[in-house]
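The values are calculated or read from the model by the stated rules, or taken from the named source; none is laboratory data. Everything numeric here is computed off the predicted structure, so don't read it as measured data. A quick note on method: Cβ atoms are made from the backbone with ideal geometry, for glycine too, and the neighbour counts reach across all protein chains shown. The area values use the complete protein model at the heavy-atom level, side chains included, leaving out ligands, DNA and RNA. Shrake-Rupley method; radii C 1.70, N 1.55, O 1.52, S 1.80 Å.
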Amino acid sequence: MSLIKNLGSMYQTELYLKAFKALSNPDRFNIVQWLLEPKKNFFSEKVDIEKEGVTINMIMQKVGLSQSVTSQHIQQLEDAGIVTCERKAQFRMCKVNKSYTKQLFESLADLF
């Protein structure tokens, strides 16, 4: 039986492939790992980063890339559903979409 048939639908296949593509870049993979433990990897006196998320500027400083490249990485992760971003004043607060990623990878694990 083909992998496509096992996945159940083309939509589900697209979700898996989008997630894998987003995570295939080492910088994006690292960003997700850092966002999984924001208090360990980022610091802010102004916001509760565990609850509200991390700014793109914080991520940019940690990853060592320009603001535009960092924003593009975040956008790909957001498009894949792995990261959510919410605007707060002039900042975009980013965090891992834990419920979605858990569901995505549990359903993927069921295939094997």
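Structure notes:
- Residue match in region 75-88 (condition: open to solvent by 60 Å² or more (accessible area, probe 1.4 Å) and at positive phi): no
- Filtered residues of region 21-34 (kept if touching a residue at least 40 places away in the same chain (Cβ under 8 Å) and among the small types (Gly, Ala, Ser)): ALA22
- Residue, most open to solvent (accessible area, probe 1.4 Å), within region 35-48, restricted to residues that are of a type in the set (D, E, K, R) and either touching a residue at least 60 places away in the same chain (Cβ under 8 Å) or under 15 Å from MET93 (Cα atoms) (or both): LYS46
- Subset of region 7-22 that is closer than 11 Å to ASP79 by Cβ and of a type outside the set (A, V, I, L, M) - its residue that is modelled with the lowest pLDDT: LYS18
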